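Remarks on the structure that follows.
Where a number appears in this text, it was derived from the coordinates with a stated rule and is not lab data. These numbers were taken from a predicted model, which means no experiment stands behind them. Cβ: placed from backbone, ideal geometry, glycine included. Neighbour counts: every protein chain shown.
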Amino acid sequence: MQITEKQKHELKKFIKELERHKGRHTELVSVYIPQGYDIVKIINHLDQEKGTATNIKSAATRKNVIDSLEKMTQHLKLYKKTPENGLAVFAGNVAEREGQQDFKVWSIEPPIPLKTRIYRCDKEFVLDLLRDMLEIKEVYGLVIVDRRDANIAYLKGKTIIPILKTHSEVPGKTKAGGQSSVRFERLREGAKIDHFKKVAEYMKEKFLGDKNLKGIIVGGPGPTKYDFIDTGYITTEVKNKIIAIKDLSYTGDFGLNELVEKSEDVLAKEGIIEEKKIMGKFFELLSTKPGMVSYGIDETMKKVKLGAADTLLISEEMDDKKIEEFEMEASKVGTNVRIISTETSEGVQLRDIGKIAAILRYEVIG
């Protein structure tokens, strides 16, 4: 299950807030309620834990744990039932000075269904399950092949991760003097086969058995990629994972980027294509109709307040307070908000031009 950039940003912000707080003893309470689990059972369990907590030797720790559990149960009673994806709840005394009291409760319905039930008191809030949701696990294999070169890479979320490059020993089309054309072609064919076998072996080594692999996309200039797939050197298990074959103009790093762009049909549900498309639209308008876009904090805020902004493009690296300001103004005028990662070249460009931009509803001159 994929989470959106906005969900990712909200989750990162939530985790960051809770990471700021440390307990002096094992007094910060973390509770994870799995999807479909009866919330009343959790409330009853926490009531029982209040009784158990009376055995804690330290009076200060005992009071902090019991009061945190009380705050948490009161908070949970606001819910008629467990939210669709479950619920993560945290409570504790987060006063900066010892002896003072500042009890707070936080809760979040995670973007991915919770499967694990947790109750824990510790010096820190238990956040690993939430952090894990930010980790993209599903990947695609990318393979570019022609007669002379091959590149193998992973596409993880929006990031292309090169794994290896290999170069064949296939001679060029001009044969060395004195060689017969038949012998020369035989050498070329033999070198091509060795190249194909080597690439097929690398694919098996890198992709076979990878549980997170959703599929392999193969590309390359000319017909060589089809020859490679049809030769029979790729094992059946690996071949069955090939979900698309694409014609390319390039090999190497340019080829990998081109392969991702030309695989829009396959990757339609993946964030990289959606993000590249919206940023591509912005940069195209910037060069052809600059009155239809805006960028930079002051200029963009002006356009939002005018009601002229259709879609706000906010870099994930922008300060959280600024993001909230823009989101608040955008909500008043029905402007769409997109959080853009820096995992694509377009996202890096957005960061470098001021971390915020907008595609406008109508042309604004000056």
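Per-residue packing, averaged as other Cβ atoms within 10 Å, sorts the ranges 26-33, 3-10 into the order 26-33, 3-10, beginning with the highest. Count Lys and Arg as plus one, Asp and Glu as minus one, and take only other residues whose Cβ is under 12 Å from that of K289; the net charge is then -1. Quote the FRET efficiency, to the nearest 0.05, computed for R97 versus E261 with a Förster distance R0 of 45 Å and r equal to the Cβ-Cβ distance. It comes to 0.20. Sites listed here are GluC sites (Glu not before Pro) in the range 98-207 whose DSSP assignment is loop and whose Cβ has at most 10 other Cβ atoms within 10 Å: E98, E135. Between D253 and E237, the distance separating the two model label sites (each 7 Å from Cα on the Cα→Cβ line) works out to 3.4 nm. The Cα center of the range 200-251 and the Cα center of the range 306-366 differ in position by 38 Å.
Applying 0.36 nm per residue to the separation of E84 and D298 and subtracting their alpha-carbon distance, the gain on full extension is 73.1 nm. You can think of it this way: the chain between D319 and N212 has 35.2 nm of extra reach, that is 0.36 nm per residue less the Cα-Cα gap. Label-to-label distance for S180 and D227 is 2.1 nm, based on points extended 7 Å past Cα in the beta-carbon direction. The listed peptides 34-46, 346-358, ordered by packing as a protection proxy, come out as 346-358, 34-46 (highest mean of other Cβ atoms within 10 Å first).
Close amide H partners of L142, meaning residues 5 or more places away or on another chain with modelled amide H under 5 Å apart, are A153, Y154, L155, I217. Here r is the Cβ-Cβ distance between K332 and E19 and R0 is 30 Å; the resulting FRET efficiency, rounded to 0.05, is 0.40. The charge dipole of the chain, taken about the Cα centre with unit charges on the Cβ atoms of Lys, Arg (+1) and Asp, Glu (-1), comes to about 580 debye, rounded to the nearest 20. Treating r as the C-beta distance of K115 and E189 and R0 as 45 Å, the FRET efficiency rounds to 0.25.
Computed on the chain, the Cα convex hull volume stands at 193 Å³ per residue.
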